[in-house]
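Peer 1: First the structure, which I've put down as structure tokens, then a few questions once you've had a look.
The values are calculated or read from the model by the stated rules, or taken from the named source; none is laboratory data. Since this is a predicted model, take the numbers as computed values, not measurements. Every residue, glycine among them, receives a Cβ derived from its backbone with ideal geometry; neighbour counts consider all protein chains shown. Each accessible area value is taken on the protein alone, full model and side chains, heavy atoms only, with ligands, DNA and RNA left out. Shrake-Rupley method; radii C 1.70, N 1.55, O 1.52, S 1.80 Å.
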Amino acid sequence: MTITPLMPVYPRCGVRPVRGEHCHLISEDGTRYLDFAAGIAVNLLGHSHPGLIGAIQRQAETLMHVSNLYGSPQGEKLAQRLVDNTFADTVFFTNSGAEAVEAAIKTARAYHQYQGNEDRYELITFNNAFHGRTMGTISASNQEKMHKGFAPLLPGFRYVEFNDLEGVKAAIGPHTAGFLVEPIQGEGGIREGSDEFMQGLRALADEHDLMLVLDEVQTGVARTGTFFAYEQYGIEPDIMAIAKGIGGGFPLGACLATEKAARGMTFGTHGSTYGGNPLGMAAGEAVLDVVLEPEFLEEVRAKGERIRARLEQFIGNYPELFESVRGRGLMLGLRMKVEPRPFMQHLRDNHHLLTVAAGDQTLRLLPPLVIGDAEIDEFFEKLSAGASDYKAPEAA
Ligand SMILES: *Cc1c(COP(=O)(O)O)cnc(C)c1O
């Protein structure tokens, strides 16, 4: 037998974390890494945050899991907080991002089908999007590398170029149910939706009675410097999928919707055994206790701007490696002139700095939102050292 006990779907690297301390990970062999990946935009509060640990410990001792057959005081409380602080009127809790997007897709389809429009089922989605790895969410992306081996895909998605409003207009037809879009594409390379594009989608949705569904799984929960990225576009969605940061490391996601958008989601239409369980709710509460503090978002924006300004200056020293700085808040990217993956590996293995490679030749920088000045300085020391001793591999 040659297959590993862990199904070999990830090309795992040699870093084997066994402990986390604030913005650092400690590997099995004792090496300390500065974590500018944060579980891919998950560990908003860093590692070993006392508030989050305490909340989970207390809840685990009190009540860990009950069925959704019963009333949920814990779920009502967290849902109310999300409702109070967003466009939404109602929330369905999930355990992951892909499940949140699945719930969002179902909500958008049900909106039309509840009104008897059985043939309005198609969501317009965007090239190089990432929405997760379930059958529905891979079907929602045009990325063939995620499709290979899994045919047939789910029908009901139509792909258009990101930021191409004219393309969207041309794609709207009798089957269109709405749009599913990341305001800033994460896996796709920290590509920002333009104001014109996002506001245009909102206007088209209003004009044609379509659902604007945002995937804020990566951009959400303060990552971009506002509670959700849509606020920066001056628009509101009808439906939104969130996950990653909301649990701070505990598996938690949610589908948020307006009352109007959720009209098809009636008794018995959807469910999840673990979705909204008390342990997850406690984690979500602990994250919001920090994130919704008045100064927190301001600090994220200020730190983001400081890092960004230093990055702009820094890349000028290495014009052969870097092209530009991208992103908002603490969802940042360096567009590179060389392949980002080997550079990411070099930073990791030789300078103990963790970052994430993404599409469109971009290196993602996603630090914990609680990062301090000392870690920012450490980041620039490691990045500078990494850039100055980097030898890009010969192109194949
Ligand atoms: C990570 C991600 C997902 C999928 O989340 P999982 O928790 O891995 O299922 C969906 N959409 C976006 C934008 C993401 O970044």
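Peer 1: Which strands (runs of 3 or more DSSP E) sit wholly inside the stretch 19-107 and have at least 3 residues that are under 26 Å from Ala140 (Cα atoms)?
Peer 2: Here the list reads 90-94.
Peer 1: Filter the stretch 69-118 for residues that are charged (D, E, K, R) and within 16 Å of the ligand (Cβ to nearest atom) and give the result.
Peer 2: Glu99, Glu102, Lys106
Peer 1: Just for the stretch 127-142: of the residues that are near the ligand (Cβ under 9 Å from one of its atoms), over 10 Å from Leu180 (Cβ atoms) and not basic (Lys, Arg), which one is farthest from the chain's Cα centre (by Cα)?
Peer 2: Per the criteria, the residue is Thr134.
Peer 1: Residue check: is Glu259 in contact with a strand residue (DSSP E or B) (Cβ under 7 Å, 6 or more places away or on another chain), more than 16 Å from the ligand (Cβ to nearest atom) and of a type in the set (Asp, Glu)? Working first, answer last.
Peer 2: Values: in contact with a strand residue (DSSP E or B) (Cβ under 7 Å, 6 or more places away or on another chain): yes; more than 16 Å from the ligand (Cβ to nearest atom): yes; of a type in the set (Asp, Glu): yes.
Yes, satisfied.
Peer 1: Would you mention how many residues in the stretch 212-239 are closer than 19 Å to Phe92 by Cβ, open to solvent by 10 Å² or more (accessible area, probe 1.4 Å) and over 14 Å from the mean Cα position of the chain (by Cα)?
Peer 2: Adding up the residues that qualify gives 2.
Peer 1: Another question, if that's okay. Name the single residue, out of those in the stretch 123-149 being free of Cβ contacts under 8 Å to residues at least 12 places away in the same chain and assigned to a loop (DSSP other than H, G, I, E, B), that is least open to solvent (accessible area, probe 1.4 Å).
Peer 2: As a first pass, look at the stretch 123-149 and keep what is free of Cβ contacts under 8 Å to residues at least 12 places away in the same chain: 144-145, 147-149.
Okay, now just the ones that are also assigned to a loop (DSSP other than H, G, I, E, B), so 148-149.
On the way: Lys148: 167, Gly149: 77 Å².
Only one residue fits best here, namely Gly149.
Peer 1: State all residues of the stretch 1-45 that are among the hydroxyl-bearing types (Ser, Thr, Tyr) and not assigned by TED's automatic domain parsing to the domain that holds Met344; if no residue qualifies, say none.
Peer 2: Answer for the stretch 1-45, where residues must be among the hydroxyl-bearing types (Ser, Thr, Tyr) and not assigned by TED's automatic domain parsing to the domain that holds Met344: Thr2, Thr4, Tyr10.
Peer 1: Also: What's the number of the condition Pro152 fails, among (1) more than 16 Å from the ligand (Cβ to nearest atom); (2) in a loop (DSSP other than H, G, I, E, B); (3) in contact (Cβ under 8 Å) with a residue 40 or more places away in the chain?
Peer 2: Pro152 satisfies all of (1) more than 16 Å from the ligand (Cβ to nearest atom); (2) in a loop (DSSP other than H, G, I, E, B); (3) in contact (Cβ under 8 Å) with a residue 40 or more places away in the chain except (3).
Peer 1: If you go through the stretch 163-181 one residue at a time, do you hit one that is within 16 Å of the ligand (Cβ to nearest atom) and in contact with a Lys or Arg (Cβ under 7 Å, 6 or more places away or on another chain)?
Peer 2: No, the stretch 163-181 contains no residue that is within 16 Å of the ligand (Cβ to nearest atom) and in contact with a Lys or Arg (Cβ under 7 Å, 6 or more places away or on another chain).
Peer 1: State yes or no: is Ile124 closer than 30 Å to Gly20 by Cα and away from the ligand (no atom under 16 Å from the Cβ)?
Peer 2: When the stated conditions are applied, Ile124 does not pass them.
Peer 1: Of all residues in the stretch 194-229, count the ones that are more than 27 Å from Ala286 (Cα to Cα) and among the hydrophobic types (A, V, I, L, M, F, W, C).
Peer 2: Let us first name the residues in the stretch 194-229 that are more than 27 Å from Ala286 (Cα to Cα), namely 194-212.
Next cut, among the hydrophobic types (A, V, I, L, M, F, W, C) only: 197-198, 201, 203-205, 210-212.
Here the count works out to 9.
Peer 1: With farther than 30 Å from His22 by Cα and in contact with a Ser or Thr (Cβ under 7 Å, 6 or more places away or on another chain) as the only criterion, which of Glu236, Glu259 stands out?
Peer 2: Just a single option satisfies the conditions, and that option is Glu259.
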